[in-house]
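Read through the structure below, which is laid out as structure tokens, and then see the notes.
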Amino acid sequence: MNITAEDVDKAWFPPAPWGTRGYNRMQVDAFLSRVAATLEGHDNVTAEDVHKVAFTLCPLTRRMVGYDPAAVDSFLRLVEATLAARESAAMSTPYLATAIDHSHARVPLWRKLV
């Protein structure tokens, strides 16, 4: 499925489920604005950028502020595939994403040190 700039602009994500932390809405919306601009030819977000993007998680006390991480991750996989197809058509080598971790949550500092 090819994602268009209109699809990105109309994307809606549910709030994070009760008891979980959601992605920061402003960060997700800002990144998706750049993706829409890229699909219209006004920016240069790559499939790798989409794969590596990380959003902070909202505090549990402000659960309603955050987007559901599963919904955002699922949509970003479609966006990544669309951008990868566009890049592969323009280049001679196909884009291959690593399949280790497909979550876009920022890793807490204490986990980076372990």
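The table that follows gives values for the structure above.
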| read-out | value |
| --- | --- |
| The stretch 7-48: number of residues that are in contact (Cβ under 8 Å) with a residue 24 or more places away in the chain and acidic (Asp, Glu) | 3 |
| Condition met for residue 79 (part of a loop (DSSP other than H, G, I, E, B), modelled with pLDDT of 90 or more, among the hydrophobic types (A, V, I, L, M, F, W, C) and under 16 Å from the mean Cα position of the chain (by Cα)) | no |
| Residues (surrounded by 18 or more Cβ atoms within 10 Å (Cβ to Cβ), modelled with pLDDT under 95 and either over 21 Å from residue 65 (Cβ atoms) or hydrophobic (A, V, I, L, M, F, W, C) (or both)) located in the stretch 9-38 | 16 |
| Only one of 87, 48, 6 that is loosely packed, with under 14 Cβ neighbours inside 10 Å, part of a helix (DSSP H, G or I) and at pLDDT 85 or above | 6 |
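The values are calculated or read from the model by the stated rules, or taken from the named source; none is laboratory data. Note that the structure is predicted; figures quoted are calculated from it, not measured. Quick reminder, even Gly has a Cβ in these numbers, built from the backbone with ideal geometry, and neighbours come from all protein chains shown.
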